[in-house]
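The values are calculated or read from the model by the stated rules, or taken from the named source; none is laboratory data. Values in this document were obtained by computation on a predicted structure and should not be read as measured data. Counting neighbours? That spans all protein chains shown, and the Cβs are built from the backbone with ideal geometry, glycine included.
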């Protein structure tokens, strides 16, 4: 039985997926060690003695463990489906991420590529925020106002996703992006927030107010059905 050769990365959407996956894996490698030892905010008390390693908070340990489990799972998939005998150099998070990066072109074509890219992007953002010492809260704005489309551009119906704004600490109150938790292409940068507010206002006035409050940096958490 012969196997059809896989196409080269010439399709624009496929190339974007490959680049997004590679960028997320690179960020995981860069942020992994920093997440263990984030910068200490000014005025937070005693400094850690130079020779002692500061303990990880439960939140950091949980984030690192979740990232490691997903990295290991995707690494196992690559090993098994590509019938490889040489795996990651070690089973640490950075080594697993580097291993996946070496096979990112193959993963980008895999039927589960969207899941892999979404998971790695989520972990990379979380670890980067921890490495930079940022505190982040999620503000749920409500139902995504965009339609759901298939790969051929045909309308499937309303998007089933929820809009989420990630709001950083006092030094960076504005969320960098408002994004749907189902379709990552449903995203709005700051310049697009007025248009998003008008859309939300037509279908969900509470969601529109939640967007205003997210921009204002309020700590109220909204859940809109």
* Asked: What number of residues within the range 74-87 are loosely packed, with under 13 Cβ neighbours inside 10 Å, touching a helix residue (DSSP H, G or I) at 6+ places or on another chain (Cβ under 9 Å) and not in a loop (DSSP other than H, G, I, E, B)?
  -> 1
* Determine whether the range 101-108 contains at least one residue that is farther than 16 Å from residue 25 by Cα and either surrounded by fewer than 16 Cβ atoms within 10 Å (Cβ to Cβ) or modelled with pLDDT of 95 or more (or both). => no
* Residue check, residue 166 against (1) modelled with pLDDT of 85 or more; (2) in contact with a strand residue (DSSP E or B) (Cβ under 9 Å, 6 or more places away or on another chain), all met but one. Which one? -> (1)
* State whether one or more residues within the range 173-192 are more than 22 Å from the chain's Cα centre (by Cα) and either assigned by TED's automatic domain parsing to the domain that holds residue 78 or modelled with pLDDT of 80 or more (or both). => no
* To do: Can you run down the residue pairs with Cβ atoms below 6 Å, 6 or more apart or on separate chains, where the first is in the range 4-32 and at pLDDT 90 or above and the partner is in a loop (DSSP other than H, G, I, E, B) and surrounded by 14 or more Cβ atoms within 10 Å (Cβ to Cβ)?
  => 18/9
* Structure fact -> Out of (1) within 12 Å of residue 24 (Cα to Cα); (2) surrounded by fewer than 19 Cβ atoms within 10 Å (Cβ to Cβ); (3) in contact (Cβ under 8 Å) with a residue 40 or more places away in the chain, the one residue 122 does not meet is (3)
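Yes or no, residue by residue, for (1) more than 23 Å from residue 163 (Cα to Cα); (2) outside the structural domain of residue 16 (by TED's automatic domain parsing); (3) outside any helix (DSSP H, G or I):
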| site | (1), (2), (3) |
| --- | --- |
| 68 | yes, no, no |
| 89 | yes, no, yes |
| 94 | yes, no, no |
| 125 | no, no, no |
* Only one of 87, 133, 93 that is at pLDDT below 80 and out of contact with any strand residue (DSSP E or B) (no Cβ under 6 Å at 6 or more places or on another chain) -> 133
